[in-house]
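Note sheet for the following structure.
The values are calculated or read from the model by the stated rules, or taken from the named source; none is laboratory data. Model, not experiment: these values are computed from the prediction. Using ideal geometry, Cβ is built from the backbone for each residue, glycine included, and neighbour counts are taken over all protein chains shown.
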Amino acid sequence: MEKVLLPLLGGILIGTSSSIILYTLGRITGISGILSVVFNPKIQSNHWKISFFMGLIGGGFLLRVVSPDLFDYSIGKSESLITILSAGFLVGLGTRLGNGCTSGHGVCGLPRLSPRSIIATLTFMAVAILTVIAKKMVVAL
Amino acid sequence: MKVHVVSFIAGLIFSIGLVISGMTNPDVVIGFLDITGEWNYSLAFVMAGAVTLNFFSFKYILKRKPILSPEHLLPTKKDLDVRLILGATLFGIGWGLLGICPGPGIVNLSLGTQEILLFMLALIFGLFIHDFLLRKRDD
């Protein structure tokens, strides 16, 4: 249940959300793009991204109240400050440079069979896997 | 107004999907990326669910006009350039380091811990550095 059904249901909700955005607004749901607009809202036609962002944040707070057990984990507790800051910086810079992240390239690009998204997804998946393995080896030293 | 209501609700649904699927939990993400350990395959089902649904729904949706917008605005870039590969590589390193990508980063702000706030501030700084450098180059 925990390893198959909930992830599958979660994936279907993520797909439903991005399908709603494409069906109503004709846009791709890319979270890194949404985030960059929230802090730099110059173009009027991008203002839906601010509402989507509020929904994302709101969902987090709502679930924390309704079902705190879902947040039974911590982030970066045993990590150094430099790891936390580098991770954030690289995610921000990399997703802007590559025009997308797990949502824009993965969830929305793969179903469209976009060559750019397929290449991007394969690249960040492979690099993330290598990074986790490399980090494990460094920690083991 | 309709646009904002729809976007807010879609954001809520996305958020709930991320949390119940395990995507917001960095232990689950690292367990999925660490193929040399005891592999946690659960996130494969998240991608499978989202991508399969969108594969069929996008086909249907793209045949008609969007209901709140005059036309579809899809990415038009086609070239597989250095920027794409470099960007995906940097993102992959950052994602692998902590197990948090942009969506889960936003949703996890509700944790309110120092670590997630610092991570998100660094992420936003990364976005700005990119926009700043690019504008400089274009001048």
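Quick rundown of the values:
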item	result
Residue check, residue B:46 surrounded by fewer than 24 Cβ atoms within 10 Å (Cβ to Cβ) and either touching a residue at least 12 places away in the same chain (Cβ under 8 Å) or over 16 Å from the mean Cα position of the chain (by Cα) (or both)	no
Subset of the stretch A:68-78 (residues that are crowded, with 19+ Cβ neighbours inside 10 Å and at pLDDT 95 or above)	A:75
Filter pass, residue A:120 being within 15 Å of residue B:77 (Cβ to Cβ), at the interface with chain B (Cβ under 7 Å from one of its Cβ atoms) and in contact with a helix residue (DSSP H, G or I) (Cβ under 6 Å, 6 or more places away or on another chain)	yes
Of residues in the stretch B:42-77 being out of contact with any Asp or Glu (no Cβ under 9 Å at 6 or more places or on another chain), more than 7 Å from chain A (Cβ to nearest Cβ) and of a type outside the set (A, V, I, L, M, F, W, C), the one nearest to residue A:107 (Cα to Cα)	B:52
Within the stretch A:1-29, considering residues that are assigned to a loop (DSSP other than H, G, I, E, B) and more than 17 Å from the chain's Cα centre (by Cα), the one surrounded by the fewest Cβ atoms within 10 Å (Cβ to Cβ)	A:1
Verdict on residue B:113 being within 20 Å of residue A:118 (Cβ to Cβ), more than 17 Å from the chain's Cα centre (by Cα) and free of Cβ contacts under 8 Å to residues at least 12 places away in the same chain	no
Residue match in the stretch B:98-110 (condition: in a loop (DSSP other than H, G, I, E, B), modelled with pLDDT of 95 or more and more than 7 Å from chain A (Cβ to nearest Cβ))	yes
Residue count for the stretch A:1-21, restricted to those that are aliphatic (A, V, I, L, M), free of Cβ contacts under 8 Å to residues at least 12 places away in the same chain and at the interface with chain B (Cβ under 7 Å from one of its Cβ atoms)	7
Selection status of residue A:132, surrounded by fewer than 19 Cβ atoms within 10 Å (Cβ to Cβ), more than 16 Å from the chain's Cα centre (by Cα) and part of a helix (DSSP H, G or I)	no
Residue check for residue B:11: of a type in the set (Gly, Ala, Ser) and buried (at least 23 other Cβ atoms within 10 Å of the Cβ)	yes
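Table: residues versus (1) at the interface with chain B (Cβ under 7 Å from one of its Cβ atoms); (2) buried (at least 18 other Cβ atoms within 10 Å of the Cβ); (3) closer than 16 Å to residue B:24 by Cα.
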site	(1), (2), (3)
A:32	yes, yes, yes
A:35	yes, yes, no
A:41	no, no, no
A:44	no, no, no
A:47	no, no, no
A:51	yes, yes, no
A:66	no, no, no
